[in-house]
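*Asks:* Below you will find the structure I want to go over with you.
The values are calculated or read from the model by the stated rules, or taken from the named source; none is laboratory data. Just so it is clear, the model here is predicted, and its values are computed rather than measured. Here Cβ is always computed from backbone atoms with ideal geometry, including for glycine, and neighbour counts include all displayed protein chains.
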Amino acid sequence: MGRPRAFDEEQAVRTAAELFAVRGYEGTSVDDLVTGLGVHRGSLYKVFGSKRGLYLAALRRHLDEEVLPLAAALREAEGLAALLAQAVAAFDGGPAAGLLLSAAVERAGSDPEAGALVAEGMAALDGAVAQVTGAGADGAGVLAATVLGLRLRARAGLDGPPADAVLAFAERLG
């Protein structure tokens, strides 16, 4: 009989998601993961197979526990202004956008599995926007891209319109 697992796999995935969200896939080394998760390298490889395996597990967890619940909550918003206010608040420094944005920028174009997870998350957000606003797929994509673009600009240290300017613009739209 093998030794029992010496770490909480769910907590390891959660911590890895935080590391990947802040540092990106390329910026997070296996040593960073071993140190941050408090696990032995061999245990990490035995459970997840590779750094990429852990990354995909972290991205899946991020979608299931943060992005998809946010999309479901956004579907309950009453109107465009409320939806954008809720979305901006969720993405403004919160965990909801961190790993999704990082994966979209860094991995989606070169890793088909990461790309599929990013597409799933973006489709859920676009669907919520479309349902609340009545905007077609194009309109929903534009609005979702606005919120995500603001978060991306902030993450890059670039100035962008403040959240209240986006909300004022949304109110003018209807």
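*Asks:* Hey, among 85, 128, which residue is more than 14 Å from the chain's Cα centre (by Cα) and crowded, with 23+ Cβ neighbours inside 10 Å? I'd like the intermediate steps shown before the answer.
*Replies:* Details: 85 fails: crowded, with 23+ Cβ neighbours inside 10 Å.
After ruling out the rest, the residue left standing is 128.
*Asks:* Now, a different point. Consider residue 146 against the criteria (1) at pLDDT 85 or above; (2) assigned to a helix (DSSP H, G or I); (3) of a type in the set (Ser, Thr, Tyr): it satisfies all of them except one. Which criterion is unmet?
*Replies:* Among (1) at pLDDT 85 or above; (2) assigned to a helix (DSSP H, G or I); (3) of a type in the set (Ser, Thr, Tyr), the lone unmet condition for residue 146 is (1).
*Asks:* Which residues, taken from segment 140-153, are surrounded by fewer than 16 Cβ atoms within 10 Å (Cβ to Cβ) and farther than 13 Å from residue 122 by Cβ? Quick ask: steps written out before the conclusion?
*Replies:* The first filter runs over segment 140-153 and keeps only residues surrounded by fewer than 16 Cβ atoms within 10 Å (Cβ to Cβ), leaving 142, 145, 149, 153.
153, the sole residue that qualifies.
*Asks:* Right, next: Within segment 60-80, identify whether any single residue is surrounded by 19 or more Cβ atoms within 10 Å (Cβ to Cβ), closer than 19 Å to residue 22 by Cα and free of Cβ contacts under 8 Å to residues at least 24 places away in the same chain, and answer yes or no.
*Replies:* From segment 60-80, those surrounded by 19 or more Cβ atoms within 10 Å (Cβ to Cβ) are 62-63, 66-67, 70-71, 74, 77, 80; that's our starting set.
From what is left, the residues that are closer than 19 Å to residue 22 by Cα are 62-63, 66-67.
Pick out the ones that are also free of Cβ contacts under 8 Å to residues at least 24 places away in the same chain and you get none.
No.
*Asks:* Filter the helices (runs of 4 or more DSSP H) completely within segment 18-84 down to those with at least 1 residues that are within 30 Å of residue 126 (Cα to Cα). Spell out the reasoning first.
*Replies:* Details: elements: 30-37, 41-48, 51-62, 68-74.
Qualifying helices (runs of 4 or more DSSP H): 51-62, 68-74.
*Asks:* Condition (residue is surrounded by 15 or more Cβ atoms within 10 Å (Cβ to Cβ) and closer than 30 Å to residue 168 by Cα) applied to segment 37-53: is it met by at least one residue?
*Replies:* no
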